[in-house]
Every structure is written in C-alpha cells, then in structure tokens.
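Novice: What follows is a structure written as structure tokens; I'll ask about it next.
The values are calculated or read from the model by the stated rules, or taken from the named source; none is laboratory data. Keep in mind it's a predicted model, so treat the numbers as computed, not measured. Every residue, glycine as well, gets a Cβ built from its backbone with ideal geometry; the counts of neighbours run over all protein chains shown. Heads up: the accessible areas ignore ligands, DNA and RNA and are worked out on the full protein's heavy atoms, side chains in. Shrake-Rupley method; radii C 1.70, N 1.55, O 1.52, S 1.80 Å.
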Amino acid sequence: MTASRTRSAAAAASVHEHGWVTESVHATSAGRVRYVRCAGCDAWRVDADAAAAIPPTAVSRVIA
Ligand SMILES: [Zn+2]
C-alpha cells in the first residue's frame, strides 16, 4: 500500500463509519486473512481472523 492510499483511507474514515463487506478470504500459515471492502466508499482493508491474533504457544524451551 502506498502512502497516498493510506492517507485517502484515513480521510474517508473521518467522513463516515465504514461498513465492511468481506470480498475474499485466504488461508495462510498464520491463520485466515480476510480482504474487506467498504460498501459506502470502496475503501479496502485486510483483516486477520481471531485465530491468527492469538499469540503462538511455545512447543520447545528457549534455545540460546
Ligand atoms: Zn467507507
């Protein structure tokens, strides 16, 4: 994403509250990623499903 796109999304966010619609969902190694679009202003955002936000659990002790 370019800086200009980031600025335009921030400007749109101040105008109205986005109504996100899921356009596509992709499975990744870190969990599911959801591409959402605002039905009101066509802004885009990438969301991670809750499962991906859970901190990873260690399966070994720390190896220094
Ligand atoms: Zn919007």
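Novice: Looking only at the stretch 20-33, count how many residues are within 16 Å of the ligand (Cβ to nearest atom) and either charged (D, E, K, R) or part of a loop (DSSP other than H, G, I, E, B) (or both). So that I can check it myself, show each step before the final result.
Specialist: Of the stretch 20-33, the ones within 16 Å of the ligand (Cβ to nearest atom) are 20-23.
Filter again for either charged (D, E, K, R) or part of a loop (DSSP other than H, G, I, E, B) (or both), leaving 23.
The qualifying residues number 1.
Novice: Within the stretch 15-28, track down each residue that is open to solvent by 80 Å² or more (accessible area, probe 1.4 Å) and closer than 12 Å to D49 by Cα.
Specialist: Of everything in the stretch 15-28, those that are open to solvent by 80 Å² or more (accessible area, probe 1.4 Å) and closer than 12 Å to D49 by Cα turn out to be H26, A27.
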